[in-house]
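These notes concern the structure reproduced below.
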Amino acid sequence: GKPTGMLVFDIELVSIERRPQPPRAPANIAAAPPNAKKTASGLAYRVLHHGHGTIRPTMDDRVEVDYSAWTRDGELFDSSILRGKPASVPLNRIIAGWAEGLQLMVEGDKALFWIPEKLAYGAHAGSPRGALVYEVELLRIAPKSVAAVDATHERPIATP
């Protein structure tokens, strides 16, 4: 079933897609600044841009977000910006700190989260260790009927 001998391919270059530049780490990556708000769980956050509306997502919702995530030493470990496509995530399947922070936002908000290790991945193998920093823009809260759909094609950003 395999071809034998010399093969000839006729190829036409249709377009070149350039990968976006990696987002820069926030200047205050090592620690939350004094003007950051803190929750009882230890999550620190600062709103960078206020959105519109009054509805906040709940743990039963799926949201569409653009985000970038760094370790506290400034290493970028994940970004929807680099993939060129927002992420659609169910709040009940992501790390606790990110889920808590997203519930503080409305559509259009952009915020920085300083997530302590206990609200991040903890000691799960293959996951970033220690405290993490996320820059997140909440683009949309999905309708409940969409949020209930089980997405088996998701990226493994949920807590392992």
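Values in this text are rule-based calculations from the coordinates and carry no lab data. Computed from a predicted structure; not experimentally measured. Reconstructed Cβ throughout: ideal geometry from the backbone, glycine too, with neighbour counts over all protein chains shown.
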Next item on the list: Please report Rg over Rh for region 15-76, where both radii come from the alpha carbon positions and Rh follows the Kirkwood definition.
Entry: 1.03
Notebook entry, point to check: Relative contact order, percent, of the chain when contacts are C-alpha pairs under 8 Å separated by at least 6 residues?
Noted result: 27 percent
Next item on the list: For the chain, build the charge dipole from Cβ charges (+1 Lys, Arg; -1 Asp, Glu) around the Cα centre, then report which of Leu43, Gly97, Phe113 sits farthest towards its positive end.
Entry: Leu43
Notebook entry, point to check: Residues in region 48-90 near a label at Gln103, defined as backbone nitrogen under 19 Å from the 7 Å Cα→Cβ point?
Noted result: 54-65, 89-90
Checklist line | Packing-based ranking, highest mean first, of 12-20, 129-137, 51-59 given that Cβ atoms within 10 Å are counted | finding: 129-137, 51-59, 12-20
Checklist line | Helix-derived mean residue ellipticity, 222 nm - over the chain, DSSP H n ≥ 4, -39500 (n - 2.57), to 500 | finding: -2000 deg cm²/dmol
Check: Mean 1/r over all different Cα pairs, inverted: what Kirkwood radius does region 1-41 give, in Å?
Finding: 17.2 Å
Notebook entry, point to check: Which net charge results for the neighbourhood of Leu138, defined as the other residues with beta-carbon distances under 15 angstrom from its beta-carbon, given Lys and Arg at +1 and Asp and Glu at -1?
Noted result: -3
Check: So what's the projected area for the chain, the Cα convex hull averaged over all directions, in nm²?
Finding: 14.4 nm²
Margin query: What aspartates and glutamates does Lys38 reach when the alpha-carbon gap must be under 14 Å and sequence neighbours fewer than 8 apart in one chain are set aside?
Written below: Glu100
Notebook entry, point to check: Residues with beta-carbon under 12 Å from that of Ile29, excluding Ile29: net charge, scoring Lys, Arg +1 and Asp, Glu -1?
Noted result: -1
